[in-house]
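Working notes for the structure below.
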Amino acid sequence: MKPDLFQAPDYYNLDDLLTEEHKMVRDAAREWVKRDVSPIIEEAAQDAKFPKSIIKGLAEIGAFGPYIPEEYGGAGLDQIAYGLIMQEIERGDSGVRSTASVQSSLVMYPIYKYGSEEQRKKFLPKLASGEFMGCFGLTEPDHGSNPSGMVTNFKDKGDHYLLNGAKLWISNSPFADIAVVWAKNEDGRIHGLIVERGMEGFSTPETHNKWSLRASATGELIFDNVKIPKENLLPNKSGLGAPLGCLDSARFGIAWGAIGAAMDCYDTALRYSKERVQFGKPIASFQLQQKKLAEMITEITKAQLLAWRLGVLRNEGKATSAQISMAKRNNVDMALKVAREARQVLGAMGITGDYSIMRHMMNLESVITYEGTHDIHLLITGMDITGIPAFS
Ligand code: TGC
Ligand code: FAD
């Protein structure tokens, strides 16, 4: 892979909207990605191996629980700082951002928000430091977009619960120490349970042959009469709204993260277009290439503004789930389109691992599917503006 020469585009001087703390956090994440992610990520993706060496660095830049209070080991930052960290990490690779998203929004957040004080104290500091890694099990083989149909279930056996079922497409599952798992009780009510590696009947086989997010480990969660101690049930929220509340936080992070992938593709294409000469001129001098680059920076700038405004609303506690869906959908779609255009600017070189664009493009095919598909987020907007759900 070529040396990382990334220069972040900021066409509308959005840095002026950031505090000194935002810029400090963002720059630390940016430097870390340049130093510790860029040199190893292409090989990790080619080998389809999650690079465990990055866990310590992710913890050090505050990527595990950016907005979780410091008393539980989190970084105690605001939502914009959280978004900026996700942007910088995904500038390196969406799979690395996935690991951070899952740990922060899908494992630490539910324990912090829905867990008991004992659960918070037991798990959050270890998750923040990376000593423990977590995963989040909502999707099942027959229930993806429609998680309310889940069949994974647990029964009250007096001094413990008995968990049965299976989850599929679970980021981090092959190496996670704990899993936050969503399952139905005997009344059909959805609850969150903390399942720990080593519990009898719990296994996490890896899913192979992915062409996307190859540097992120994905797998199953299988529960075969797993005895769950009663103190591992998240006591403070139940119903589908509980896992969906976690998704709000993760989708917000993705809305920022996707901008990072797009920025990297644009920056790479811009630099290449000025250096690559055809017909005696840099290809940047041809109108067709300028159109691509001009449209890319326009769309990136619009997405940056959307994410920033959403961050302000989240900081004020005013962002709705539907607003988060709009930003996730728009920004991931934008990033995928930017990646496809940028790839063309590089011609044949664009398909190689010498540049990051093709890897981003393939990664974004997962990002546009997970945490709610492109179609589902459109239907969420449709429901919000018409008041009529069109899911079924
Ligand atoms: P519906 O009847 O609309 O809602 C059920 C209850 O949930 C509440 N709710 C929400 N609460 C918080 N945040 C949200 N975003 C919420 N959306 C809905 C709702 O108010 C209701 O509460 P209550 O109290 O009335 O019961 O539910 P539905 O069954 O009709 O489904 C709606 C739909 C389709 C929008 C939803 O289920 C959905 O979002 N489906 C997509 C599934 C999804 O996103 N899965 C993601 C799995 S995790 C993942 O992909 C991780 S990838 C990680 C990585 O590697 O980065
Ligand atoms: P389906 O729900 O079967 O959808 C297939 C197609 O039908 C889609 O185009 C969809 O938009 C469309 N569709 C479905 N319903 C409707 C409708 N009502 N109207 C119109 N169109 C519709 N899940 C987790 O729980 N935890 C994780 O950590 C996790 N990590 C993931 C990592 C990767 C790499 C991937 C690819 C997925 C991951 N997922 C995870 C699962 C992800 O959330 C689901 O794949 C996603 O929610 C879609 O579910 P599905 O794949 O079953 O597609």
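What to note about this one:
- For F136, the residues 5 or more places off, or on other chains, whose built amide H falls under 5 Å of its own are S171, V180.
- Region 238-313: relative contact order as a whole-number percent, Cα under 8 Å and 6+ apart: 29
- Restriction of the chymotrypsin sites (Phe, Trp or Tyr not before Pro) in region 182-267 to DSSP coil positions whose beta-carbon has at most 14 other beta-carbons within 10 angstrom yields W211.
- In this structure, the amide hydrogen of A319, modeled 1.01 Å from its nitrogen in the peptide plane, lies closer than 5 angstrom to those of R314, counting only residues at least 5 positions away or on a different chain.
- The chain: DSSP helices with Cα axial extent of at least 30 Å and average Kyte-Doolittle hydropathy no lower than -1.0: 241-275, 287-315, 321-345
- Considering only beta bridges that DSSP places wholly inside the chain, some 85 percent are antiparallel.
- Positive end of the dipole of the chain (Cβ unit charges, origin at the Cα centre): among Q79, I89, I297, the Cα lying farthest that way belongs to I297.
- Reported value for region 297-390: 108 Å³ per residue, from the convex hull of its C-alpha atoms.
- Spatially proximal lysines relative to K52 (Cα-Cα < 18 Å; intrachain offsets below 8 disregarded): K34, K126
- Estimated translational D of region 14-129 in µm²/s (Stokes, Kirkwood radius over Cα pairs; 4 °C; 1.567 mPa s): 90
- Alpha-carbon centroids, region 297-341 and region 219-281: separation in whole Å: 13
- Shown here for region 277-360: GluC sites (Glu not before Pro) in loop regions (DSSP other than H, G, I, E, B) with at most 15 other Cβ atoms within 10 Å, namely E316.
- A Cβ-based charge dipole, computed about the Cα centre of the chain with Lys and Arg at +1 and Asp and Glu at -1, lands at about 640 debye.
- The GluC sites (Glu not before Pro) found in region 177-272 that occupy coil by DSSP, while having at most 14 further C-beta atoms within 10 Å, are E186, E200.
- Check: region 261-392 dipole with +1 on Lys, Arg Cβ and -1 on Asp, Glu Cβ, in debye: 360
- What the phi angles of region 169-177 give under the Karplus curve with 6.51, -1.76 and 1.60, with θ = phi - 60°, is a coupling list of 6, 9, 4, 6, 4, x, 10, 5, 7 Hz, glycine and proline written as x.
- Average Cα contact separation per residue, region 228-368, under 8 Å, 6 or more apart, as relative contact order %: 33
- Relative contact order (%) - criterion: Cα under 8 Å, at least six apart; region: the chain: 18
- Residue among N153, Y12, A44 farthest towards the positive dipole end of the chain, charges placed on Cβ: Y12
- Taken over the Cα atoms of the chain, the convex hull encloses 135 Å³ per residue.
- Whole-Å distance, taken between Cα centres, linking region 113-148 and region 345-368: 31
- Dipole of the chain, positive end: most advanced residue of F64, A261, G239 [Cβ charges, Cα centre]: A261
- Sorting D177, D354, D264 from the fewest to the most surrounding beta carbons within 10 angstrom yields D354, D177, D264.
- Estimated dipole of region 134-232 in Debye, rounded to 20 [Cβ of Lys and Arg +1, of Asp and Glu -1, Cα centre]: 200
- Gaussian network model of the chain, springs between alpha carbon atoms under 10 Å - residue of G95, G130, G198 with greatest fluctuation: G198
Taken together, the values in this text are just the output of simple stated rules run on the coordinates, not laboratory data. The structure presented is a predicted model; accordingly, all values stated were derived computationally and were not measured. Positions of Cβ are backbone-derived with ideal geometry, glycine not excepted, and every protein chain shown enters the neighbour counts.
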